[in-house]
Amino acid sequence: MKNFLQRFFRGNAPRAARSALWAGTLLAVVSACSYSLGNRGELPFSTIEIAPIVNEADLPQAQATLAREIADALNREPKLSTVIDRGDAELEIVISDYRRSISSTASRDSVLASTQNLTLVLKCSLLNKRTGKYYFRNRSISVSTEVYTGQAPGLGEPQSFPVLSREAARKVRDLVTNVW
């Protein structure tokens, strides 16, 4: 066995076989450790209320879409359930900013924006309803997407808000559940 291993590691074995052996050894070492993927921490609350979302940005009717996406994201978390009232914690969200910026212009017309970058900024706070103290306050979440507007600027913006909402909801869920 000793001679086999010496020949194997001196280069007599094909490169793929050596790589597979090293990968197997690494996998065995990592699996022997107590590390596991995911968050095993216990949340200090099991139910959460989502307070009405405050809209301080120039984004009409965004609260309903955003609230639905956040509730869906939180309800997919097995350690947590959303409730209408009497939750252990309350999530407060403020839409603090919504920006449109020109990413590129049409080659024939430098005024016409053919691609816009849309950015949604939220401020999130999580209140412990039992003690009245905040777990965290005014944490900022920012999500962006690019929209191709083509010949009609502003046309792609309404279709892109659900994309921004889903990404923001995922970040809010991570903020609420991964702190612990």
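For Ser46, the residues 5 or more places off, or on other chains, whose built amide H falls under 5 Å of its own are Asp88. Residues in region 85-92 carry Karplus couplings, in order, of 8, 6, x, 6, 9, 10, 9, 10 Hz; the curve used is 6.51 cos²θ - 1.76 cosθ + 1.60 with θ = phi - 60°, and Gly or Pro positions show x. Rounded to the nearest 20, the size of the Cβ-charge dipole of region 47-177 about its Cα centre is 400 debye, with Lys and Arg at +1 and Asp and Glu at -1. Using a simple spin-label model with pseudo-atoms 7 Å out from Cα toward Cβ, Asn75 and Ser46 lie 1.9 nm apart.
Length gained on full extension, Val163 to Asn117, computed as 0.36 nm times the residue gap minus the Cα-Cα distance: 15.3 nm. With the highest mean first, a sort of the peptides 93-102, 169-178, 137-146 on other beta-carbon atoms found within 10 angstrom per residue produces 169-178, 93-102, 137-146. Extension gain for the segment Glu56 to Thr131, taken as residue separation times 0.36 nm less the Cα-Cα distance, is 24.2 nm to one decimal.
Each reported figure results from applying straightforward, stated rules to the coordinates on display, with no laboratory input. Note that the coordinates shown come from a computational prediction; the quantities given were computed from them, not determined experimentally. Every residue, glycine as well, gets a Cβ built from its backbone with ideal geometry; the counts of neighbours run over all protein chains shown.
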